[in-house]
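Below: the structure, in C-alpha cells.
Rule-based calculations on the coordinates, nothing more; no lab input. Fair warning: this is a prediction, and the values are worked out from it, not measured in the lab. FYI the Cβ positions are ideal-geometry reconstructions off the backbone, even for glycines, and counts take in every protein chain you see.
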Amino acid sequence: MRYASPQLAVNTEAEAQAARAEVRSVPSVHLKAVPNEPPMSEDRLDHFITENGLTFAGRHLILDLWQAKGIDDLERVEQAMREAVRVAGATLLHIHLHHFSPNGGVSGVAVLAESHISIHTWPECGYAALDIFMCGDAEPMKTIPVFRAAFETSQSQIAEHKRGVV
C-alpha cells in the first residue's frame with residue numbers, strides 16, 4: 001500500500017507476503033542467557049553466525065556519511081535502501097520513510113527478515129546516519145558502497161558491532 005507524502009510505505013503487502021510466511025515458519029528457539037556458552041545444537045534455526053570460533057546474532061554497522069548529496073530526496077533514499085537490501089542478499093519486508101519540512105530531512109527504516117536498515121538525514125549539514133543490522137547469510141558490509149555511491153560521497157565513517165555474542 002502506498003501513502004502520499006510526507007509518509008510513504010514503499011512496498012505492498014503482496015510483495016512481502018512470501019517473505020513473512022518464511023519468517024513465521026522458523027520455530028522459536030530459546031537461547032541460554034549465559035555469555036560465551038556454545039550454541040545449544042547444530043540444527044538451530046535462529047540464523048546466528050559462527051565465524052572464527054565466535055557465535056553471534058548479527059553484524060550491526062553504524063555508517064556516517066558526510067558531504068552527502070540527495071539525502072532530502074525520498075525516491076533516491078528509497079532506491080538506495082532497496083539496492084542495499086538486494087546486494088546484501090537480505091529479504092525486504094517493508095520500507096517506511098518520512099520526509100520532514102522545512103529542512104527536507106528523511107528518516108526511515110527498511111524492515112528485513114534479517115533485521116533492518118535505518119536512515120536519518122540532515123540535508124542542511126550534508127550528513128546521513130545509517131544503522132545496518134543483519135543476521136544469517138546477509139552481508140551488510142556490501143551495503144556501504146551502495147550508500148556511498150547513491151549519495152555521492154567518499155566521506156564516511158564505519159563502526160561494526162557483533163550483536164548477541166554467545
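Some observations on this one:
- Boolean, His116 is within 17 Å of Ile49 (Cα to Cα), in contact with a strand residue (DSSP E or B) (Cβ under 7 Å, 6 or more places away or on another chain) and not in a loop (DSSP other than H, G, I, E, B): yes
- Filter result for Asp131 (under 17 Å from the mean Cα position of the chain (by Cα), surrounded by fewer than 18 Cβ atoms within 10 Å (Cβ to Cβ) and in a loop (DSSP other than H, G, I, E, B)): no
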